[in-house]
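These notes are about the structure you will find just below.
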Amino acid sequence: MKSILLIFTLFLSCNSQKIAEIKKQQPLKEISVVDKNGLLEVKGNKIVNKNGKEVSFAGNSMFWSNDYYRGNGFYNKQVVKHLKENWKAEIIRVPMTADPEIHDSYIFDKETNQSKLETLVDACIDLGLYVIIDWHSHNAHDTEKEAITFFTEMAKKYGKYPNVIYEIYNEPLKVSWDDVVKPYSEKVVAAIRKIDPDNIIVVGTPHWSQDVDKASLNPIVGYKNIAYTLHFYAASHKEWLINKAQKALDNGLALIVTEWGSVEADGGGEVDATSTQIWMDFMKKNKLTHCNWSINNKDEGASALKPNTNMDGNWTDKDLTVSGKLAKGYIQNW
């Protein structure tokens, strides 16, 4: 009897060791930010996850997608992987160039720009990140037909994924919300909702996506999960813009800061760390999701990377500009 028990004990021990070895060889599947939070929703002036919990995410905006600006060299999976693993980014914004005044934008070269965008959207979905599909234009209302075509295609291809957020108008200029931006937005929203009833749609606001207070006085109705775009550059935009944002929140709008910088509004100048901290405190208090402009090595203050930095990720802090280091710190610790 003792011999039988001894043999049985040895059998269990050997099998336990084998199981342990198998577990070592097969690491547990990573639980991504999208696995954890699922499909996002707008509830009042907040963004909530699949469990109804208020959430906000920090990440990066890429640069324009067209060839002329060269920022699209960073449109590859290695860069997204690096931002996820090294910067702890949870959301990536893909600003597909769509402005009719730019000669190689989507309006004139659909294939190149859409292909670049889809490369990053696919990468974000595969890596478990949220991704903003951005119609990056200052004059989107002049290309309403093209925008509807594009977002119809995007909704058909990506609407089933909880990762996706649609941004339908990057930065309207000094145009009317009531007469220009809202009518355009309602038509594009309607086109998306025919296919995708759920994923969040972010609507741009006049004056470079600053007049969120004006939009809050006459918001889009009849559709769920609508948020509004707020952009700021800390060296240019001070308390007056925070007050506009607070008014919009008080009036019930959900805001997403799809683009922010620590420098001047034109992308140049020095980093204003003090003003950036004030903005970060405001976004943290109000749980605003945000993306820093931008992943590029163009020689300007807003670029996260120094000139000639490689386009494949694996950067060290020596590769980062002053604004890049500042942004990385905020994103890592969000």
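No value in this document is a laboratory result; all are computed from the given coordinates. Keep in mind that what you see is a predicted model, and the values were worked out from it rather than measured. Quick reminder, even Gly has a Cβ in these numbers, built from the backbone with ideal geometry, and neighbours come from all protein chains shown.
Determine the shape class of region 26-109: with a ≥ b ≥ c the square roots of the Cα gyration tensor eigenvalues, call it rounded for a/c under 1.5, and otherwise prolate if a/b is greater than b/c, oblate otherwise. Oblate is the answer for region 26-109, as a/c is 1.5 or above yet b/c matches or exceeds a/b.
Extending 7 Å from the Cα toward the beta-carbon at both residue 316 and residue 251 defines two label points whose distance is 5.0 nm.
Between residue 51 and residue 78, the modelled labels are 3.7 nm apart [label points 7 Å from Cα along Cα→Cβ].
Tally Lys and Arg at +1 and Asp and Glu at -1 over the other residues with C-beta under 14 Å from the C-beta of residue 317: what net charge comes out?
The answer is +3.
Neighbours of residue 149 by Cβ distance under 14 Å: Lys/Arg scored +1, Asp/Glu scored -1, total +2. On a 0 to 90 degree scale, rounded to 10, what angle separates helix 273-286 from the longest Cα axis of the chain? Relative to the chain, helix 273-286 is tipped by roughly 70 degrees. Close amide H partners of residue 65, meaning residues 5 or more places away or on another chain with modelled amide H under 5 Å apart, are 97.
Can you tell which of 163, 139, 243 shows the greatest fluctuation in a Gaussian network model of the chain with Cα springs below 10 Å? Between 163, 139, 243, it is 243 that shows the largest mean-square fluctuation. Exposure proxy shown here: for 198, 178, the number of other Cβ atoms within 10 Å sets the order, fewest to most, as 178, 198.
The lysines within cross-link reach of residue 325, meaning a Cα-to-Cα straight distance under 24 Å and a gap of 8 or more places when in the same chain, are 77, 81, 84, 88, 238, 284, 285, 287, 298, 306. The mean sequence distance of close C-alpha pairs (under 8 Å, at least 6 residues apart), as a share of the length of region 34-332, puts its relative contact order at 20 percent.
Which loop-located trypsin sites (Lys or Arg not before Pro) does region 173-272 contain, where loop means any DSSP state but H, G, I, E or B and the Cβ has at most 15 other Cβ atoms within 10 Å? Answer in residue order: 174, 194, 224, 238.
Put simply, when 147-156, 284-293, 127-136 are sorted by average Cβ atoms within 10 angstrom per residue, most first, you get 127-136, 284-293, 147-156. Amide H to amide H, with H built 1.01 Å from N, residue 233 comes under 5 Å of 261, counting only residues 5 or more places away or on other chains.
A simple count of charges around residue 100, restricted to other residues whose Cβ falls under 9 Å of its Cβ and scoring Lys, Arg +1 and Asp, Glu -1, yields -4.
Using helices alone, I'd like the mean residue ellipticity at 222 nm for the chain: each DSSP H run of four-plus residues gives -39500 (n - 2.57), total over residue count, nearest 500.
Counting only the DSSP helices, I get -12000 deg cm²/dmol.
Relative to the dominant Cα principal axis of the chain, helix 144-158 is inclined by about 10°.
In terms of overall dimensions, region 176-272 has a Cα radius of gyration and Dmax of 14.3, 45 angstrom.
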